[in-house]
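Novice: Pasting in a structure now, in structure tokens, and then I'll have a few things to ask.
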């Protein structure tokens, strides 16, 4: 659901370490380590502390990386948010 707002886990709950092409995210709450690739860590960073929808994040990505039009970006970001939610790194707000 592209218009559902999500909230990222609190920054203090996560330890994020870049490992070349992979990023390790240790969730102190669940004591689990997740290995992810771009754009997962970037999405978490862009979310900050406020709830965000896929459309909001797609617009932020387009602005930050000077992309023309959002096209399928909203659907792709919505899929990534669902994946982050399945890992417990974001939750519906």
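The values are calculated or read from the model by the stated rules, or taken from the named source; none is laboratory data. Predicted, not measured: the structure shown is a model, and the values here were computed from it. Positions of Cβ are generated from backbone atoms using ideal geometry, with glycine treated the same way; all protein chains shown enter the neighbour counts.
Novice: For the range 13-56, which positions are within 15 Å of residue 78 (Cα to Cα) and loosely packed, with under 13 Cβ neighbours inside 10 Å?
Specialist: 38
Novice: Of everything in the range 1-12 that's surrounded by fewer than 12 Cβ atoms within 10 Å (Cβ to Cβ) and more than 16 Å from residue 32 (Cα to Cα), which residue is modelled with the lowest pLDDT? It would help to see each step written out before you state the result.
Specialist: Of the range 1-12, the ones surrounded by fewer than 12 Cβ atoms within 10 Å (Cβ to Cβ) are 1, 3, 10, 12.
Still in the list and also more than 16 Å from residue 32 (Cα to Cα): 1, 3.
Working: 1: 55, 3: 84.
So, considering only residues that are surrounded by fewer than 12 Cβ atoms within 10 Å (Cβ to Cβ) and more than 16 Å from residue 32 (Cα to Cα), the one modelled with the lowest pLDDT is 1.
Novice: Suppose the filter is farther than 17 Å from residue 3 by Cα and either free of Cβ contacts under 8 Å to residues at least 40 places away in the same chain or touching a strand residue (DSSP E or B) at 6+ places or on another chain (Cβ under 8 Å) (or both); does residue 81 pass it? Outline the logic, then answer.
Specialist: Numbers: farther than 17 Å from residue 3 by Cα: no; either free of Cβ contacts under 8 Å to residues at least 40 places away in the same chain or touching a strand residue (DSSP E or B) at 6+ places or on another chain (Cβ under 8 Å) (or both): yes.
No, not satisfied.
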